[in-house]
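Enquirer: This is the structure, below, for whatever I ask next.
The values are calculated or read from the model by the stated rules, or taken from the named source; none is laboratory data. Given the structure is predicted, the values throughout are model-derived calculations rather than measurements. Please note: Cβ atoms are built from the backbone with ideal geometry, for glycine as well, and neighbour counts cover all protein chains shown. Keep in mind that these areas ignore ligands, DNA and RNA; they rest on the heavy atoms of the full protein, side chains included. Shrake-Rupley method; radii C 1.70, N 1.55, O 1.52, S 1.80 Å.
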Amino acid sequence: MNEQDPHSLLSILDLDREALVRLIDRGLALTREFPGHQARTARAPRNSQLAGKLVGLVFTKPSTRTRTSFFWAVTWMGGHCIVYDANGLQLGNGESLKDTAMALSRHLDAAVVRTDGPPEELETLRRGADGMPIINALCHREHPTQAIADLITIKHEFHSFGGVHALYVGLPCNTMNSFVLAAAMVGLRATVLVPAGGSYDGWLRDAVARIDTGHVIRFATRWEEVESPVDVVYTTRWESMGHAPRFETWRELRSAFALDEARIARLLSPRGIVLHDLPATRGGEVSDGVLDGPRSRIRAQAFNKGISAVVTLERALAG
């Protein structure tokens, strides 16, 4: 946990276990104000925690859910947004990240940043921001607010993490990294099924080894290594960050690890659910029947992105 900057969130590891659990439980409490996991028809009154606050949404990569979720969250909390895209900043003209952060921090109260770059870019922004909180809305390595939304969704479904077995299947990516770290922190048993040839960042295994005191995380490369049944099956798009995998046979390998109705029937426990962070390649890593089927919780998961944004902004600005 970053004690020098307790309000920014660059990595899920900026939280300790107690802080992460507080965010999840706060998110669960908020979901009760929005029947049907939908904000636009809910009766929940807006609050004023961010009244007078101005939040910059700095999105240099495309985004549907995360951008919308943070815009909604800031507005629902009584604040205002400025939205920047890749062409709306002087970074493209050679301005440094440090100078950009300094200039933004003269006017903004926080910045929510999505970038295709490494985590070091976010750290440079944080150092240049003169105390203005920076929230990672996805970078090459991690997607911490997605992990918070995922755990809110799982705990809403099962009421606790004890006795729940989650399976992540797919290639390593930022979503996987944050989900695995968060699962280890809260004691959620998880199997990480990555096909042989899908390389992990070395830092992930090292981080899991440090925080997985309950030995709840297991890494596998073959379906035969997965202990079934499982309660949560989680997959993501193989074209992470809009980039296709860098090996020629990835489509064939994706087919071998895809989720269809027959595989889900074999894997899931009677109470089991399916998660996908979206966007999905329908007919790629997951079939329509699975994504739209009765076990799917993608609607709740997508809504909980907004709840995750609220609790993250509360931590940054309203705490």
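Enquirer: Toward the positive end of the charge dipole of the chain, about the Cα centre and with charges on Cβ (Lys, Arg +1; Asp, Glu -1), which of Ala111, Asn177, Val311 goes farthest?
Expert: Towards the positive end, the residue furthest out is Val311.
Enquirer: Sticking with this structure for a sec: Take each of the peptides 67-77, 94-104, 149-159, average the number of other beta-carbon atoms within 10 Å over its residues, and list them starting from the highest.
Expert: Packing proxy ranking, top to bottom: 149-159, 67-77, 94-104.
Enquirer: How large is ³J(HN,Hα), in whole Hz, for each residue of the range 279-287 in order, when computed from phi with the Karplus curve 6.51 cos²θ - 1.76 cosθ + 1.60 and θ = phi - 60°, using x for Gly and Pro?
Expert: Karplus values, whole Hz, x for Gly and Pro: x, 10, 9, 5, x, x, 7, 8, 8.
Enquirer: Still on this structure: With a probe of 1.4 Å, find how much accessible area the chain has per residue, and write the answer as a whole number in Å².
Expert: With all protein chains present, the chain gives 44 Å² per residue.
Enquirer: Whole-Hz Karplus ³J(HN,Hα) for the range 102-111, in order, using 6.51 cos²θ - 1.76 cosθ + 1.60 and θ = phi - 60°, x for Gly and Pro?
Expert: Karplus values, whole Hz, x for Gly and Pro: 4, 5, 4, 5, 5, 10, 8, 8, 6, 10.
Enquirer: Any chance you could count the Lys pairs in the chain whose alpha carbons are under 26 Å apart, treating pairs 8 or more apart or on different chains as valid?
Expert: Counting lysine pairs in the chain gives 6.
Enquirer: Oh, and also: Starting from the eigenvalues of the Cα gyration tensor, five times each then square-rooted, give me the equivalent ellipsoid semi-axes of the range 118-192, largest first, whole Å.
Expert: Its equivalent ellipsoid spans semi-axes of 27, 14, 9 Å.
Enquirer: Ignoring ligands, DNA and RNA, what percent of the accessible area of the range 138-277 is carbon or sulfur (1.4 Å)?
Expert: With neighbouring chains kept in place, the figure for the range 138-277 is 48 percent.
Enquirer: With runs of 4+ DSSP H residues as the only contributors, calculate the mean residue ellipticity of the chain at 222 nm using -39,500 (n - 2.57) per run, divided by the residue total and rounded to the nearest 500.
Expert: -11000 deg cm²/dmol
Enquirer: So, one more: Of the peptides 261-269, 178-186, how do they stack up when ordered by the mean number of other Cβ atoms within 10 Å, highest first?
Expert: The peptides rank, most packed first, as 178-186, 261-269.
Enquirer: With 10 Å bins from zero, work out the P(r) of the range 108-257 over every alpha carbon pair and list the percent per bin.
Expert: Going out from 0 Å in 10 Å bins, the range 108-257 shows 10, 37, 35, 15, 3, 0 percent.
Enquirer: With the radius of gyration and the Kirkwood radius both derived from the Cα set of the range 166-319, what is their ratio Rg to Rh?
Expert: Rg/Rh: 0.96.
Enquirer: Kindly rank 122-130, 299-307 from highest to lowest mean number of other beta carbons found within 10 Å of each residue.
Expert: Those peptides, ordered most packed to least, come out 299-307, 122-130.
Enquirer: Might you report the magnitude of the Cβ-based charge dipole of the range 45-138 about its Cα centre, with Lys and Arg at +1 and Asp and Glu at -1, to the nearest 20 debye?
Expert: Approximately 380 debye in magnitude.
Enquirer: Right, another one. Whole-Hz Karplus ³J(HN,Hα) for the range 131-148, in order, using 6.51 cos²θ - 1.76 cosθ + 1.60 and θ = phi - 60°, x for Gly and Pro?
Expert: Residue by residue, the range 131-148 yields x, 5, x, 10, 10, 7, 9, 2, 9, 4, 9, 9, 9, x, 5, 5, 4, 5 Hz.
Enquirer: Could you tell me the relative contact order of the chain? Use alpha-carbon pairs under 8 Å, at least six residues apart, and round to a whole percent.
Expert: RCO, the chain: 21 percent.
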